[in-house]
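Peer 1: First, the structure itself, so that you have it in front of you.
The values are calculated or read from the model by the stated rules, or taken from the named source; none is laboratory data. Note that the coordinates shown come from a computational prediction; the quantities given were computed from them, not determined experimentally. Using ideal geometry, Cβ is built from the backbone for each residue, glycine included, and neighbour counts are taken over all protein chains shown. In case anyone asks, the SASA skips ligands and DNA or RNA and just uses the protein heavy atoms, side chains included. Shrake-Rupley method; radii C 1.70, N 1.55, O 1.52, S 1.80 Å.
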Amino acid sequence: MVASPAPQLSAEERLIAHLSRSGKLDAESAERAWRVFEHGRVSLSKILLELGLVPERDLVAAFEQALGIPVATAEDYPLDPVLADDVTERFLKDSRTILLAANDDTVTIAAADPLDSFVIDALRLATNRRVLIKAGTSGDIEEALRRLYSGNESDALAAAGADGAQDITESDLARLRESASEAPVIRFVNALISRAVEAGASDIHIEPFERRLRIRTRIDGVLKEEDPAGIELAPAILSRLKIMSGLNIAERRLPQDGAVKLAVRGKEVDLRIATAPVAHGECAAIRILDKSSVALDFTALGFDAAAQAKLDAVLQRPNGIFLVTGPTGSGKTTTLYAALQRLNTAERKILSVEDPVEYKIAGVNQIQVKPEIGLTFAHVLRSVLRHDPDVILVGEIRDPETARIAVQASLTGHLVLSTVHTNSAAAAITRLLDMNIEDYLLTSTIAGILAQRLVRMLCPACKTPVDIGVEWLREMNALGLPAAGRRVYQAKGCPSCHGTGYRGRTVITELLVPDERLRRMVAERAGAAQIHAAAVAQGMETLRRNGLRKALEGITSIEEVSRVAQEEE
């Protein structure tokens, strides 16, 4: 008797099996996705992405590894539209597909969902050719379509715009709601957010001017201008953002803040959306909190072994204040979260007071302040002390009252972690003195102060070695960095880093741990420059030296260090 052949697994079953085997999809998520797929009419890849179960890059790689569908590379995308007379731009955008090449018999396409048989059949009929499929990310496909067909949809988008007058009537409000719900505006906003997430941007800035709507994204700390949109779109775009984040669509005279959680390209991201009235309407800032891209680990953030050992010594103290200082956007909060992660054990009770709570950490009791109802940092701090915590995180010391309570908490057996806005570690001490904190209290409580900046890392695919200039060589030697005969790297630019020469960021730091001499100087009200010089003499590595050392190691460039860390006095 001949055994029956084993049933052939479908493409979807093979895809799920591969993602499960490779650890990209846990059993519960796989079962959830399959259940939705079996009972609905939505493709499996769309389910995996829209439920945020698998990042899009991992899904595209799985198409190749599990199903043998090749991935489209940057070189595959055409310089001009292919078969533009046979296939419309609207169809390509709606189906997230692009035609890469064609000959008499075949057409090669890149599809975000290569398992969508309807799209394949439609293209076969429209072009009268056999269809060869490659997989591509939605971001790459949308970017290529935008480049190839830029301007073609401007009329449709303009039709979705609304009157920008400051006085709003009920009919205006109805029109705004309607325009914000029209497909072109939704598509525009979704594509803008998706491209920013795909590029690793931390912020999107939408700014109306007299004759144009400027859109910029901040990538690795540097603003990059995107293709502008027509100024007539501003009200509809702002209304769409307000609807998404639960803001008052009718209020255009006062600043507003909101938040929304989205699954973008298979990633779960939180958006913080802030609007404000400006001369030509309203501007908006969208902060992107991509949880999947944040590693709350000192090594991943760029701290070397020596710096981690010093930090651990500070964090293991049973009481005192540990401060992280630097300008806005220097990664202070992420460093504090990494410290909390290090301290987060079953033996410690940890409470945090934040504005806002940016990332939720299991095992940490996190409280968000609400000044509008009187729930300020100072008010919450007084209350949390009655909960007997071992470690307290204060999002920011902004005023004398918060500073005083934080100092008192450290004196009564708590380890307090917080941030202040100063340019150096030594300046944080003088800032607290300016807040009328007594010098003898500071000498008793300061456990350590970490100043930090974020520098862009050189793209490993294209960084280029160069000789060290005479001036830099002289400075490195003066800082005790042996540089003779060594080389550094500079940014060049390639497709891998979108032509910037940089990819990702790392931290440069200076950690001040007061000894007896420094404590005496604080008690004597010494200035920040004197405290800084004494700390360097004690062995503190400055921001500048730490950055130049990373430049010698090929991690970043001298120019990048010079941009964020000024020359030593």
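Peer 1: Using a 1.4 Å probe on the protein chains only, how many percent of the accessible area of the chain belongs to carbon and sulfur?
Peer 2: Carbon and sulfur together cover 51 percent of it.
Peer 1: May I ask for log10 I(q)/I(0) of the range 284-341 at q = 0.16, 0.17, 0.22, 0.28 Å⁻¹, from a Debye sum over the Cα atoms as equal point scatterers with solvent left out?
Peer 2: For the range 284-341, the Cα-only Debye profile gives -0.58, -0.65, -1.00, -1.37.
Peer 1: Ile367's amide H: which non-local residues (gap 5+, or another chain) put their own amide H closer than 5 Å, with H modeled 1.01 Å from N in plane and none for Pro or chain starts?
Peer 2: Correct list: Ser352, Val353, Glu354.
Peer 1: Here's another thing I want to ask about it. Roughly how many nanometres apart are two label points built 7 Å out from the Cα toward the Cβ at Ile361 and Asp399?
Peer 2: Result: 2.6 nm between the two label points.
Peer 1: Ok, one more. Can you list which of the GluC sites (Glu not before Pro) found in the range 312-420 are DSSP loop residues with at most 10 other C-beta atoms within 10 Å?
Peer 2: Details: sites: Glu347, Glu354, Glu358, Glu372, Glu396, Glu401; in loops: Glu347, Glu358, Glu396.
Answer in residue order: Glu347.
Peer 1: Equivalent ellipsoid semi-axes for the range 358-452, as square roots of 5 times the alpha carbon gyration tensor eigenvalues: give them largest first, rounded to whole Å.
Peer 2: Values for the range 358-452, descending: 21, 15, 14 Å.
Peer 1: Further question on the same structure: In nm, what is the difference between 0.36 nm times the number of residues separating Asp434 and Ile186 and their Cα-Cα distance?
Peer 2: Taking Asp434 through Ile186 to full extension adds about 84.4 nm, to one decimal.
Peer 1: Counting only residues 5 or more places away or on other chains, whose amide H sits under 5 Å from the amide H of Tyr502 once H atoms are built in the peptide plane?
Peer 2: Hits under the 5 Å cutoff: Cys459.
Peer 1: Can you figure out the FRET efficiency of Asn128 with Leu473, using R₀ = 41 Å and their beta-carbon distance, to the nearest 0.05?
Peer 2: After rounding to 0.05, the efficiency reads 0.05.
Peer 1: Along the Cα→Cβ direction, 7 angstrom out, place labels at Ala259 and Asp104. What is the inter-label distance in nm?
Peer 2: That separation, rounded to one decimal, is 6.2 nm.
Peer 1: Next question. Using each residue's phi in the range 54-66, evaluate 6.51 cos²θ - 1.76 cosθ + 1.60 at θ = phi - 60° and report the 3J(HN,Hα) Karplus result to the nearest Hz, with x for Gly and Pro.
Peer 2: 9, x, 4, 4, 5, 5, 4, 5, 5, 4, 6, 6, 8
Peer 1: Any idea what diffusion coefficient the range 189-310 gets from Stokes-Einstein, in µm²/s, Kirkwood Rh on alpha carbon pairs, 25 °C, 0.890 mPa s? Spell out each step's value before the answer.
Peer 2: Numbers: Rh = 15.6 Å.
My calculation gives 157 µm²/s for D.
Peer 1: Once amide H atoms are built 1.01 Å from N in the peptide plane, which residues 5 or more positions from Gly52, or in another chain, come under 5 Å H to H?
Peer 2: The answer is Gly266.
Peer 1: Quickly estimate the mean residue ellipticity at 222 nm for the chain, helices only: each DSSP H run with n ≥ 4 gives -39500 (n - 2.57), and the total goes over all residues, rounded to 500. If you can, show how the numbers build up before the last one.
Peer 2: Values: 23 runs with 228 residues, N = 569.
It comes out at -11500 deg cm²/dmol, rounded to the nearest 500.
Peer 1: Give me the one-decimal Kirkwood hydrodynamic radius in Å for the range 1-151, with the sum taken over alpha-carbon pairs. Please list the in-between numbers first.
Peer 2: Numbers: mean 1/r = 0.0606 Å⁻¹.
In the range 1-151 this quantity evaluates to 16.5 Å.
Peer 1: Relative to the compact globular guide of 2.2 N^0.38 Å, what is the alpha carbon radius of gyration of the range 407-530, as a ratio?
Peer 2: Normalised by 2.2 N^0.38 Å, the Cα Rg of the range 407-530 equals 1.48.
Peer 1: Rolling a 1.4 angstrom probe over the protein heavy atoms, how many square angstrom per residue are accessible across the chain?
Peer 2: With all protein chains present, the chain gives 48 Å² per residue.
Peer 1: Which value in nm describes the separation of the simple spin-label points at Arg57 and Glu268, placed 7 Å from the Cα toward the beta carbon?
Peer 2: Roughly 2.0 nm, to one decimal.
Peer 1: Principal axes first, then extents: for the Cα atoms of the chain, list largest minus smallest coordinate on each axis, whole Å, largest first.
Peer 2: 86, 66, 62
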